[in-house]
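The values are calculated or read from the model by the stated rules, or taken from the named source; none is laboratory data. From a predicted model like this one, the values you see are computed outputs, not experimental measurements. Here Cβ is always computed from backbone atoms with ideal geometry, including for glycine, and neighbour counts include all displayed protein chains. For accessibility, only protein heavy atoms count, side chains too; no ligands or nucleic acids. Shrake-Rupley method; radii C 1.70, N 1.55, O 1.52, S 1.80 Å.
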Amino acid sequence: MSFTPGPSRWSDVWLVTASRAVSTCGDFLAATALTLALQSAGAGGLAVSGLMLAATLPLVALAPLTGWLADRVDSRLLLVVAGLGQAAVCLALAYAGHPALVIALVALLASGLAVTQPVLSALVPAMVRAEDLPRAAALNQTAGTLGALAGPALAGVLVGGFGARLPLLLDAASYLALVAAGLLIRTRRGGGRRRAQVPAPGTPAAPADGWRLRRDPLLVAMITTIAGVIAAVGAINVVEVFFIRDTLGSSATMYGLVTGAWTLGILVGAWLFARLARRLVDDGRLLVGYLALLAGCCLMVLLSAAVPSALLLVPVWLLGGVGNGGANVFDNVLLARRVPEVVRGRAYAALTGSVQGASMVGFLLGGLLLEVASPRLLVAGCGVAGLLVIALVVPPVTRAVRAERALAGVAAAAPAEARAPRPGGVAEPAGPVDPAAAAELATPAPSR
């Protein structure tokens, strides 16, 4: 939907990118440090599971509220207040001793993240022109990935040399990057602002009033697919350490090399497919490409179950990560194109909540299934399950794409004067045809 009507504000994009890299590094730094601290203090698996749940559950449970806040409250105010709040929570975590208190504070920390994620995600499309969005999304993806890579490594060094307190104090300082970004970024949204609607090429015009995610079959299919795939394949995050270390008999160093290959692939894929996303002005083709990339990820997981050694996993997972990075860019571009600017925060919060909720399901399934099946069999099962999810959504996606193209054909055939732009600058089709009607022509994927 709407993007900036003038030149892209790359200085703002770089501010968001830098703040996300620093804060993400701090997130993973704290998570790793707390996990190591609990284990060293003699806490069992239940405490570690509670820590992971506390770090994830607020992102799911608070998604409707935080998405609404991202759209209605000034983005600068939210970033400053949330950043200061997270810094204060991290400071308290540095001196917390009881596992129950640690878990409660982690839940508070994640609540702040549930606010800042949709705010930053919705700000990026408002900073750039439609044709520059894939590059901006790739930059944002790169920042998060680099932060996720650096955080655990830095935590291991700091915890080993100084204990858990120093990493948590550094994490508290990292959240000040969000405060600085909130104060320095010129682009603002929320707080009653209404931007001029500048649709991306090839996207249908849709009024913001009364917009609902469930009325857009393409977005419903996208979010349903990613949630289903993550729930199916997410168990690999629990299984992989047993598969690589026990089944394949590899060292901890090789385990780090294999898992790092997927992350490296995400970086490569984000930039490789950013160019393609810019050329795919048709949303239907973008969604088809998205499904193909997810299918490639699942196929690589399936193939990895057949490798005889961990070294052969490196190229397989590198390719899987490439597809993962490309899919991340595609879903960001598709969401930004189709969602009106004034409700974009809610849409990004819904996407984040679906992904995190599906991750929780994957973690749970992985832990339970390891009790009854071998790691190699579970890796293969994750790949097959992911491919089945994608196969199930192909028919409704095909119908949704055809319905939208039929609607676009009706609009194109209407008299030119009936499609004249309104004062707001958005051309509308003649007659009663609207995007909600397109949704009625198709059978969308199951609602989230």
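As a ratio to 2.2 N^0.38 Å, the alpha-carbon radius of gyration for region 207-290 is 1.54. 3J(HN,Hα) couplings calculated from phi for region 269-277 with the Karplus curve 6.51 cos²θ - 1.76 cosθ + 1.60 (θ = phi - 60°) are, in sequence order, x, 4, 7, 5, 8, 4, 5, 5, 4 Hz; Gly and Pro show x. Computed over protein heavy atoms with a 1.4 Å probe, the accessible surface of region 201-344 works out to 38 Å² per residue. Working from label points 7 Å from Cα in the Cα-to-Cβ sense, the R402 to L368 distance is 3.7 nm. Could you check how much of the accessible area of region 83-157 is carbon and sulfur, as a whole percent, using a 1.4 Å probe? Heavy-atom surface of region 83-157 belonging to carbon and sulfur, 1.4 Å probe: 73 percent. Solvent-accessible surface of region 50-134, taken per residue with a 1.4 Å probe and all protein chains present: 37 Å². Between I185 and any residue 5 or more places off or on another chain, the built amide H atoms are never under 5 Å apart.
Computed log10 I(q)/I(0) for region 332-376 at 0.22, 0.27, 0.32, 0.33 Å⁻¹: -0.74, -0.91, -1.05, -1.07, from the Debye equation with unit scatterers placed on every C-alpha and solvent omitted.
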